[in-house]
1. Looking at (1) of a type in the set (K, R); (2) in the same structural domain as H130 (by TED's automatic domain parsing); (3) more than 30 Å from L116 (Cα to Cα), which one does K43 not meet, given that it meets all the others?
2. Give the residues of the stretch 121-160 that are basic (K, R), closer than 30 Å to I267 by Cβ and surrounded by fewer than 21 Cβ atoms within 10 Å (Cβ to Cβ), sorted by residue number.
3. Find all pairs meeting these conditions: Cβ atoms under 8 angstrom apart; at least six residues apart or on different chains; first residue within the stretch 17-46 and under 14 Å from D1 (Cβ atoms); second residue of a type in the set (S, T, Y) and surrounded by 10 or more Cβ atoms within 10 Å (Cβ to Cβ).
4. Consider the stretch 184-194. How many of its residues are closer than 23 Å to R132 by Cβ and surrounded by fewer than 19 Cβ atoms within 10 Å (Cβ to Cβ)?
5. Checking the structure you have, find out if any residue of the stretch 52-74 is farther than 26 Å from H130 by Cα and either buried (at least 16 other Cβ atoms within 10 Å of the Cβ) or touching a His at 6+ places or on another chain (Cβ under 7 Å) (or both).
6. Does the stretch 254-279 hold any residues that are modelled with pLDDT under 60 and of a type in the set (A, V, I, L, M), and which are they?
7. Within the set of pairs 6+ apart or on separate chains, which have a first residue in the stretch 252-279 that is outside the structural domain of D171 (by TED's automatic domain parsing) and closer than 12 Å to E221 by Cα, a second that is surrounded by 14 or more Cβ atoms within 10 Å (Cβ to Cβ) and modelled with pLDDT under 65, and C-beta atoms under 7 Å apart?
8. Of everything in the stretch 78-94 that's surrounded by fewer than 19 Cβ atoms within 10 Å (Cβ to Cβ) and touching a residue at least 12 places away in the same chain (Cβ under 8 Å), which residue is nearest to the chain's Cα centre (by Cα)?
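The values are calculated or read from the model by the stated rules, or taken from the named source; none is laboratory data. Predicted model, so just to flag it, every value in this text is computed and none were measured. With ideal geometry, Cβ positions are generated from the backbone for all residues, glycine too; neighbour counts draw on all protein chains shown.
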Amino acid sequence: DKTGVRSLLGALSFYNKFYYNFSVDMKAFYDLLKTENDFKWSKNEIETFNKVKRWLTSKPILSHFHADRTHIVAADASKHGIGAILYEVDENNLRHVLEYASRLFTTGEQNLPAHLQEAKGLVFAVKKFHYRIANSYFLLETDHCGLCYIMTKKELPPPMARLAMFLQGYDFDIVYKSGRKHLDVDYLSRNPLETIKEENEEDVMFMYSISDSLQYNIKKEQQKDNYCNDVKNKIQRGADVRNFEIKDGILYRLVRTSTGVNYALVIPEIKRNEILRLCHDDPLAG
């Protein structure tokens, strides 16, 4: 309907800096919104929509991961579901998409108060992009101002406290973004994927048995990795380093959930593609 098209154009406006003929190529959509025109989804509109999908899933909007860039996790919730986008910022301060994600709310989640739905959106986004952001600092964007204080409030209701406890395992700052500047993920939350997955806080911690040889290789590569060495040196000097621990000479990040603390290997940058490939090739990894 016209509301959906208007919402889509609002989301696309975030990326028109990459597209010099945006207004011309979106003419079919703009014509649909004219008061004198009836809503009719015909061949022209279908071709335009397919063009949008190709545009959003190719360069320059889409980018490969660069560990040395600033990363932003944007999340939003609506009454329908959750939307999330992982961005990275280039040398010209332009945002490029690394990944999109969304899911429907379950029946129970649809009845939650808005602040809990939004908090679940943050947790969903962080879980979804875990393998990109687990070992580095990132910004977490929300259009719900109250969530900016979720990590600093001394007392929280139990449901919110459990979500905050999960987020403690990551290194990030929460940034408020007004709703009109949050339309990219807002669109995803209002049009989520129809697959519903009941989530547990433990879902993010994929526990794979790694061989002794791989563990030895990771230990060796950690010794060459600047980031790992910096964290290790701070720990050994007695500095206040949050959420890290050295065990048997290997650096781990502590990931806290409502069921306790999990130890996540800090993967050196040179080994990340190999580990990601192993995880995705594992039949249990999906």
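1. Every condition holds for K43 apart from (2).
2. Taking the stretch 121-160 first, the residues basic (K, R) are 127-128, 132, 153-154.
Filter again for closer than 30 Å to I267 by Cβ, leaving 127-128, 132.
Correct list: K127, R132.
3. Within 8 Å, the pairs are F29/T48.
4. The first filter runs over the stretch 184-194 and keeps only residues closer than 23 Å to R132 by Cβ, leaving 184-189, 192-193.
Next, from what is left, pick out any that are surrounded by fewer than 19 Cβ atoms within 10 Å (Cβ to Cβ): 193.
Within the stretch 184-194, residues that are closer than 23 Å to R132 by Cβ and surrounded by fewer than 19 Cβ atoms within 10 Å (Cβ to Cβ) number 1.
5. Looking for residues that are farther than 26 Å from H130 by Cα and either buried (at least 16 other Cβ atoms within 10 Å of the Cβ) or touching a His at 6+ places or on another chain (Cβ under 7 Å) (or both), one finds at least one in the stretch 52-74, hence yes.
6. L278
7. I267/I275
8. The first filter runs over the stretch 78-94 and keeps only residues surrounded by fewer than 19 Cβ atoms within 10 Å (Cβ to Cβ), leaving 79-80, 89-94.
When the remaining residues are screened for being touching a residue at least 12 places away in the same chain (Cβ under 8 Å), the result is 79-80, 89-90, 94.
Working: K79: 19, H80: 18, V89: 14, D90: 17, L94: 17 Å.
The qualifying residue nearest to the chain's Cα centre (by Cα) is V89.
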